[in-house]
Each structure stands twice: as C-alpha cells, then as structure tokens.
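No lab work stands behind these numbers, since they all come straight from the coordinates. From a predicted model like this one, the values you see are computed outputs, not experimental measurements. With ideal geometry, Cβ positions are generated from the backbone for all residues, glycine too; neighbour counts draw on all protein chains shown.
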C-alpha cells in the first residue's frame, strides 16, 4: 500500500500514499476577468478556520508517514527491510503505527470530500447551473495532471493527487445524500474492502502452506504440483524485494542523476496509478471522502459542537483505535514481522485507522475551540491554506535531500534519523507559510490551480 495526502481537496500521502487536498482557498482580492461573473474562488470571509487548522495538522502529519518512502527502500510497513528495526528505530515504527498509520491519509480524504461539497454548494447557490460542473470537473482534471507530474517528474511514487482526482469524479453524485446515507455508504465500502482483504488473507495462508510443502518436497527431490510451483514463484518474488541485494540496488538507483531516477521509478508509479487504484482507492479513499461530507453536514468539522461531544469523540475513538492498533503491532512483533502477521492484521486495519481518525478530529476541534495558542493556530492554519504548495514542497525538498539530484542520502539514514528531516521541514513551513500569505493571496500552486480551473487570472500579490 502507499501512503501517503491538500488545499482545495485535502492531501498526504498513505505505504505511503499519501497523502491530500480540499477546500477552496480564499481571495478577498480583486480579480482580472475577461467577463463579469460571480463564480469566484471562496473569499477570506467565507473560510472556515477549523478546516484550515485541521488541514495544517494533517499536512504536517502526512510527512511523518511519507518520509520512509522518501528515504528508505521498501521500509514503510516493515522496518526489518531497511532503516533498522531495533532501539529508537523500532520505537519510531511503533509510535507512527500506533498513532498515525492510515489516519493522515484518512483525514486528507475527508477534507477532500468537504472541499468538493463546499465548492459545488457555493456555485449552486449562485445558480451557476452547468457551469458548476464545468468548474468542478476541470479542477479535477488539472489535479490529475498535477498528480502525474508529481509522481513521475517530482519523483514521489507515493503521491495521492492522481487518486483523489479519480475518486473526485465519482464523488460528484454523492454530494446531496443525507449524512446517514453517506455514513452507510462509507461503511459499505469499508466492508467490501475488508472482505477483499479477508479473501487475500486466506489465499496468503494457502500460499504459505504450499511453500512449506514445496520446500519439503524439494529437499526430498519430489515433484511439485502446479499450485505448489505457483506459490513458490510468488513467494520468491515477495522475498526478493526484502533481500540485501535488492535493497542495495534500490539505494544505488535512487542516488543516481535525475533522469535515471525518473526511469527507475516509472514502473512503480505506473503500478500505483493502475493496480493500486483498482485495489484500494474505493475502499480507502472514497469511503473517507463520503464520511468527510457527512461530518461536515453534521457541523463536526466546523468546531460547532460542544466540548462534551468532542471529548466523547476523543475517548471512544482513541479507546477503540489504540486497542486495535496495539493488537496489530504486538501481533506483528510477536511473529517477528512475518508475512502472515501483516496479512492477518490487515483485517482490522480500517477499524483502527478510522477510530483513531475520529479521535484526532475530536482533539483538533477541542484545540480550535480553546482560547489558547492563537499564534500557533495562525501558523498552522497558514500551512493548511497553502497545503497543495506545501505538499509539493515536501517532494521537492526530499528529492534534493535523498536522491542523486542533491545530497543522495537515500538509504543512508536510519529510520529515526529521518524524523530530523521531518521536524526541519515542519519548522520551515510553519515559518514561511504565514510570511508568504502576508504578501500573496495564495500559495503558488493554489493560485495556478485556480487560474486553470476558473478560467481567469486571480490577483496574486497583495498590494
């Protein structure tokens, strides 16, 4: 799986797929237009601060998960493959999997759903008619293009924009459903995905049994059945990607020049844009988009509920999520990071990540309501307002740090050392984002997206 998720859509980044985007950026500025129209991007007065704050938190959180994809070979889920699996490296793996695995991607997906709902509802209120659909689908088409560029040319095979664009095309017809219907639809998608995972788990168990039988037969020089041969071949491919030789080749290829890395990652990008979309996106991404719209219609994401309500979200969400995630982590460690331990714990993956996501939302909404740390709220909201630009910035910075384009540190840092890079990027973006928005109405990518989507040139620099 990928990990992982932005502005106007919600991000990110989850193996890392990450994960991102949502909600329209503001524009209180005048705009240059060829013809008079009221179909402008959302203004500052229309923005919902809690959405910007939660988006800022998620933009930072998605890098916690994506960083292993940026800096290590095949180590996102399994720390024994590369980057270290003892001491601080093991603690880093446990911490991220206990609190953040799947949740940042889930939150960005929810925010994307909210963003589409806000954009379309606003356009329809202005009687935009077919023009609303025109703008909406043009936005998604350009997001899809951004995703392809991001993955293939900016060297992030775990990018999520492409997937969000595809799911956004499906999301259009769900926006008017009642919240309960949206939740039911999301649960149905979760259930289908979990059932598919269960079928895969049974197949994996059978494969491991056939491999064990085949190993015994080979030692005794006996002929293998067709199923045993197929299982052995599949197992060898799985084990190959964890072998020291494969990891060394991976590291060396990522430290080469730009065009060499583009060519090396192209097959990975093609796989994530085809097979992974078919296998995961409906159950992993679209489900959370629907849930996001339902939560927004219930005023949960607008920080309008009571402290008691959000407190219950935190209590129930973390109680279920932490217990589920602890079970998964302990099972994997107990079985020494075996293939089947991952296969088994995938069965409860959605239960853990969705519950933790609910807890995160409750905690962030409480923070939004509390009259504390106003300076930090301003900065984290600025990061959220520039989420698309900041998400792309993650890839640009990591391309320079890890690949042969720059310092070539891919595979040279231990897992826990990667988080020094994460913290440095956080600090940089928390500083630069509010400074940028002091002089410009939008982040550079946000402005470009609006320019392409609405068909006119929004004002960029503040006068």
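Structure data summary
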| read-out | value |
| --- | --- |
| Cβ-derived FRET efficiency at R0 56 Å, residue 233 paired with residue 259, nearest 0.05 | 0.95 |
| Reduced Cα scattering model of the chain, Debye log10 I(q)/I(0), q = 0.11 Å⁻¹ | -0.86 |
| Whole-angstrom Cα spans of the range 314-463 along principal axes, big to small | 61, 45, 33 |
| Extension gain (nm, one decimal) between residue 407 and residue 95, 0.36 nm per residue minus Cα-Cα | 109.5 nm |
| Estimated FRET transfer efficiency when R0 is 22 angstrom, pair residue 209-residue 252 (beta carbons, to 0.05) | 0.05 |
| Extension gain from residue 130 to residue 245, taking 0.36 nm per residue of separation minus the Cα-Cα distance | 35.8 nm |
| Separation of the residue 154 and residue 80 label points, Cα + 7 Å toward Cβ, nm | 3.6 nm |
| Spin-label pair residue 417/residue 452, simplified geometry with 7 Å Cα→Cβ offset, distance in nm | 3.7 nm |
| When the range 115-163 is reduced to its Cα atoms, the Kirkwood hydrodynamic radius in Å | 11.9 Å |
| Residue-averaged [θ]222 nm for the chain, counting only DSSP H segments that reach four residues, each worth -39500 (n - 2.57) | -22500 deg cm²/dmol |
| Contour excess over end-to-end distance, with Cα ends at residue 327 and residue 170 and 0.36 nm allotted per residue | 53.1 nm |
| Cut-off 16 Å, label 7 Å out along Cα→Cβ of residue 137, residues of the range 443-463 by amide N | 453-454 |
| Highest average packing first - 304-317, 432-445, Cβ atoms within 10 Å | 432-445, 304-317 |
| Peptides 209-218, 375-384 ordered by average Cβ neighbours within 10 Å, highest first | 375-384, 209-218 |
| FRET efficiency estimate (nearest 0.05) - Cβ-Cβ, residue 49 to residue 435, R0 25 angstrom | 0.85 |
| Distance between modelled label sites at residue 200 and residue 279, nm, 7 Å Cα→Cβ extension | 0.5 nm |
| Evaluated over the range 214-371, the Cα radius of gyration and Dmax, each in Å | 22.5, 74 |
